[in-house]
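**Student:** Encoded as structure tokens, here's the structure I'll be asking about.
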Amino acid sequence: WLLGSERHNVPPLGLLDSKDVQHLRGGNKVLQKIKAVMRIVEKMAREKNVWIEKRSDWDCVKVTKMWDTIYPEFELLYCQTKRKKQINYATVYRRMTEANANANAFHNPRNQKETRQQQQAAEEVALV
């Protein structure tokens with residue numbers, strides 16, 4: 001998500017947008033779910049002061065440190081399965097949705113901005 005692979009010519013997946021996955025069946029839906037999961041990862045990492053703002057400052061060591069720091073809580077909240085070492089993003093996404101996990105972090109910030117704009121418009125109409 002943060003690093004990609006130069007050797008395999010794969011950019012960091014966090015840089016992808018819908019046009020990059022439009023050739024895949026359900027690509028945009030999958031990408032949006034992955035982004036939602038990663039917003040939770042980022043929020044947890046920020047809370048534990050292991051998130052780095054500048055994307056170019058991330059490396060394998062820093063990603064590993066971040067993941068090692070948040071994983072115990074993340075696993076407890078979203079990754080309890082019979083197969084301890086095998087879980088995919090869709091299962092994590094579904095569990096986050098079911099738990100309504102950190103609603104503000106889970107939902108796309110752009111949607112929240114639109115909601116605020118809609119609320120402001122409604123307040124202006126109410127004043128008139």
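**Student:** Going through Ala101, Ala45, Ala105 one at a time, which residue ends up being aliphatic (A, V, I, L, M), surrounded by 15 or more Cβ atoms within 10 Å (Cβ to Cβ) and modelled with pLDDT of 85 or more? Explain how you work it out, then say what you get.
**Tutor:** Details: Ala101 fails: modelled with pLDDT of 85 or more; Ala105 fails: modelled with pLDDT of 85 or more.
Among Ala101, Ala45, Ala105, only Ala45 is aliphatic (A, V, I, L, M), surrounded by 15 or more Cβ atoms within 10 Å (Cβ to Cβ) and modelled with pLDDT of 85 or more.
**Student:** Which residues, counting only those in region 16-48, are basic (Lys, Arg), farther than 18 Å from Tyr93 by Cβ and outside any helix (DSSP H, G or I)?
**Tutor:** Lys48
**Student:** I need the full set of residues from region 49-61 which are open to solvent by 80 Å² or more (accessible area, probe 1.4 Å) and either touching a helix residue (DSSP H, G or I) at 6+ places or on another chain (Cβ under 8 Å) or among the basic types (Lys, Arg) (or both), in order please. Lay out the reasoning, then the answer.
**Tutor:** We begin by selecting, within region 49-61, every residue open to solvent by 80 Å² or more (accessible area, probe 1.4 Å); these are 49, 53-56, 60-61.
If the condition is that a residue be open to solvent by 80 Å² or more (accessible area, probe 1.4 Å) and either touching a helix residue (DSSP H, G or I) at 6+ places or on another chain (Cβ under 8 Å) or among the basic types (Lys, Arg) (or both), then Lys54, Arg55 are the ones that fit.
**Student:** Counting only residues that are open to solvent by 60 Å² or more (accessible area, probe 1.4 Å), in a loop (DSSP other than H, G, I, E, B) and touching a residue at least 12 places away in the same chain (Cβ under 8 Å), which one in region 1-15 is farthest from Ala90 (Cα to Cα)?
**Tutor:** First, pick out the residues of region 1-15 that are open to solvent by 60 Å² or more (accessible area, probe 1.4 Å): 1, 3, 6-11, 13, 15.
Those still in the list that are in a loop (DSSP other than H, G, I, E, B) too: 1, 3, 6-9, 11.
Next, from what is left, pick out any that are touching a residue at least 12 places away in the same chain (Cβ under 8 Å): 1, 3.
Numbers: Trp1: 15, Leu3: 21 Å.
Here the answer is Leu3.
**Student:** Oh, and also: Looking at Arg95, Arg116 in this structure, which one is open to solvent by 90 Å² or more (accessible area, probe 1.4 Å), modelled with pLDDT under 90 and assigned to a helix (DSSP H, G or I)? I'd like the intermediate steps shown before the answer.
**Tutor:** Numbers: Arg95 fails: open to solvent by 90 Å² or more (accessible area, probe 1.4 Å).
Of Arg95, Arg116, the one residue that is open to solvent by 90 Å² or more (accessible area, probe 1.4 Å), modelled with pLDDT under 90 and assigned to a helix (DSSP H, G or I) is Arg116.
**Student:** Tell me whether region 30-41 contains one or more residues that are without any contact (Cβ under 8 Å) to a residue 60 or more places away in the chain, of a type outside the set (S, T, N, Q) and loosely packed, with under 13 Cβ neighbours inside 10 Å.
**Tutor:** Looking through region 30-41, none of the residues is without any contact (Cβ under 8 Å) to a residue 60 or more places away in the chain, of a type outside the set (S, T, N, Q) and loosely packed, with under 13 Cβ neighbours inside 10 Å.
The values are calculated or read from the model by the stated rules, or taken from the named source; none is laboratory data. Bear in mind the structure is a predicted one, so any value in this text is a computation, not a measurement. Neighbour counts run over all protein chains shown; Cβ positions are idealised from the backbone, glycine included. Note: accessible area is taken over every heavy atom of the protein model, side chains too, but ligands, DNA and RNA are not part of it. Shrake-Rupley method; radii C 1.70, N 1.55, O 1.52, S 1.80 Å.
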